[in-house]
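Inspection log for the structure reproduced underneath, given as structure tokens.
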Amino acid sequence: MDTIEITLPDGAKREVSSGTTPAEIARQISRGLAKEALVARVDGQLWDLSRPLDQNTSLAILTPKDPEAIQVLRHSAAHLLAAAVIELFPGVKLGIGPPIDNGFFYEFLRAEPFTSQDLERIENKMRELASQDIPNERKLLPKPEALKLYRESQQEFKCELVEEKATEPMVSFYTTGNFVDFCRGPHIPSTGRIKAFKLTNVAGAYWKGQEGNPQMQRIYAVCFYSQAELDEYLHKLEEAKRRDHRKLGPELDLFSIQDEAGPGLIFWHPKGGLIRKLVEDWLRDELLRRGYDLVFTPHVMRLDLWKTSGHTGYYRDNMFSPIEIEKADYQLKPMNCPGHILIYKAHLRSYRELPLRFAELGTVYRYERSGVLHGLLRVRGFTQDDAHIFCRPDQIESEVEACVDFAFAVMKTFGFDRYEVELSVWDAAHPENYAGKPEDWNRATAALADTLERMKIPYKRIEGEAAFYGPKIDVKLIDAIGRPWQLTTVQFDFNLPARFGLEYVGEDGARHQPLMVHRALLGSIERFFGILIEHYAGAFPAWLAPVQASVLPLSEKFSEYAKSVEAKLRDAGIRVHVDDRNEKLQAKIRDAQLQKIPYMLIVGGKEAESSSVSVRHRTKGDLGPQPLDQFIASLRAEIENKAIR
Ligand SMILES: [Zn+2]
Ligand SMILES: [Zn+2]
């Protein structure tokens, strides 16, 4: 018999007879590996463990440790779902069933909608089939036979798929017991490995995503290797739901989106507005302290300006339509950059003036399709904490470092301690696709990388991901439940300075083009607010809380004293509210908790006599009686220190 040579990932070579399967090789290597194995990688391609090898190849046996294996498990679980549905609902027609992030779906055509009871039955049937450890077997059929098989079982969507996707004379199928699916595979060896899954919901989707096609029902599921991983994921989902800013926004009366005004446009209610003021105040103070100049620019400017900047070309689809006034077209601004450039150009600049750092809380309007709008996170009108830095080449290192330092100050102040940093650079093989000179790119990219290294900030370098106009650093914050949020960006621009002919007079008396950096720290105030609501689960730290303390008199008898406590707190600059409703104390406490007010001050006869308050904290609970002056001093300190909790 012929022998073939198998090269393993560590470089070791093995001679085996042709027709040997990866599963057999795994068994030769170790029993442990054979037990853990899910799928193989053969010359870079995923491959069933039971599929024979017939030529010299490189081979890797994949286990749960390999990131690609989980999608194979999920895809096999999708087949298991379809197998269960076919058994319980024999008439359904099958669509597609791919793996997705965290799970999989399978789509079906059925006249009646799947109910939650149906999902339960299907899930139970899946567990039953999984426990039978049914093998997933790969078979090949000639294309005409494959079509005949599906025609006979009246699976017309599958016929369509075979017609379109099967490019070779032989078509691959997978069987799981009685269930047969046209599929390229690969799959895990048998159903027994599918242990931790949950059907989550059913959603409608047109066949192939095309309107007018039949409406399929997609059954979605989450799926992991172990129940512990699944539970952790489901817990995170629950937490995300509990923290959803679209739910907390109205509950805490922070903001709204009004249908009457239009989608994607945010109304800041008094409490949300107050938090915004506090965030903006902090930011403006920091900007001034760090050598920025505050500027303001108009919301509409001539369309011609956006032609000069190039936005009417590559950014056109994201802009509102122009407005005509006195026979000239005006454009609602989608970005602040051209405005800041006009301020730069208002005089001839000298090298001595640089760097110039123009900062603006600049409100911009962008067209986003209504389908992608999402609470505060994707909107049509928002305020960027934008800045543009114009500097000399010898200043870029220190400017980049200052930007990164500022970004870290944001994270520290608002209580984020985890982050991811990405450096997006150009594709050096294709300089023709980019604006600017190679030496500019190299210098700017080196400045970004060196700064991160000098500051000992770990980062991921992404080749070819830079915008055409310059390299950039992106900082993603990781929130309280481990989700990343893209926030800060520090971006070089070699395009706009050239398009607008920016100059400065150098030390040598000659004209030079300044370097330009766009940078936003919070991104947009709206989005940052949404992230903060979710990060804090609505419980803003005392320095940001719209109401910092609520005074709860035990009864009307003590409202006089409650008023005096309120006055003292207010004099100390504390945002306070007296709940003098004729309600039981328990009800007042519950409402203050629901409003996530940091401190509740319970006052009755004892407290009035001794000028004290009984303090309750929203998470720490009962803190006991305290002299009023002492409480005020400690809350003042908490606010001044911007303590996170
Ligand atoms: Zn499949
Ligand atoms: Zn900009």
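The values are calculated or read from the model by the stated rules, or taken from the named source; none is laboratory data. In this text the structure is predicted, and so the values were computed from the model without any measurement. Virtual Cβ from ideal backbone geometry, glycine too; neighbours counted across all protein chains shown. Side chains included, ligands, DNA and RNA excluded: accessible areas come from the protein's heavy atoms. Shrake-Rupley method; radii C 1.70, N 1.55, O 1.52, S 1.80 Å.
Worth pointing out:
- Extension gain, Leu294-Asp259: 0.36 nm per intervening residue step, less the Cα-Cα distance, totals 9.2 nm.
- Carbon and sulfur %, accessible surface of the range 448-502 computed with the full protein complex present, 1.4 Å: 51 percent
- For the range 1-111, carbon and sulfur atoms together expose 49% of the accessible surface, with a 1.4 angstrom probe and every protein chain in place.
- DSSP beta bridge pairing in the range 1-139, given as percent antiparallel to the nearest 5: 90 percent
- When all protein chains stay in place and ligands, DNA and RNA are ignored, the 1.4 Å accessible-area order of Tyr206, Tyr225, Tyr292, largest first, is Tyr206, Tyr225, Tyr292.
- His430 contributes an accessible area of around 80 Å² to the protein surface, as traced by a 1.4 Å probe with all chains present.
- When the range 527-645 is described by a simple charge dipole with +1 on each Lys and Arg Cβ and -1 on each Asp and Glu Cβ, the residue from Gly538, Pro627, Ser550 located farthest towards its positive end is Gly538.
- Rounded Å value of the spacing that divides the Cα centres of the range 201-265 and the range 356-386: 23 Å
- Distance (nanometres) between label positions extended 7 Å along Cα→Cβ at Arg590 and Glu15: 8.1 nm
- With all protein chains modelled, accessible area of Asp133 [1.4 Å, Å²]: 80 Å²
- Applying 1/(1 + (r/R0)^6) with r as the Cβ-Cβ distance of Val372 and Asp508 and R0 = 56 angstrom yields a FRET efficiency of 0.65.
- Segment Ser350-Asp317, extension gain: residue separation times 0.36 nm, minus the distance between their alpha carbons: 8.1 nm
- Cβ-Cβ distance of Lys148 and Ala537, R₀ of 51 Å, FRET efficiency by 1/(1 + (r/R0)^6): the value works out to about 0.35.
- Cα→Cβ-extended label distance, 7 Å offset, between Glu251 and Asp43, nm: 5.7 nm
- Put simply, the amide H of Tyr367, placed in the peptide plane, has neighbours under 5 Å in Met319, Phe320, leaving out anything fewer than 5 places away on its chain.
- Distance-filtered residues of the range 608-635 - backbone nitrogen under 19 Å, label point 7 angstrom along Asp281 Cα→Cβ: 632-635
- Entry note, the chain: the mean residue ellipticity at 222 nm calculated from DSSP H runs of n ≥ 4, each adding -39500 (n - 2.57), is -11000 deg cm²/dmol after division by the residues and rounding to the nearest 500.
- Rounded to the nearest 0.05, the FRET efficiency derived from the C-beta distance between Ala498 and Ala328 at R0 = 22 Å is 0.30.
- For Glu137 and Lys412, the difference between the fully extended length at 0.36 nm per residue and the C-alpha to C-alpha distance is 93.6 nm.
- Each residue, Thr308 and Glu160, gets one label point 7 Å from its Cα in the Cβ direction; the gap between the two is 5.3 nm.
- The range 172-240: relative contact order as a whole-number percent, Cα under 8 Å and 6+ apart: 25 percent
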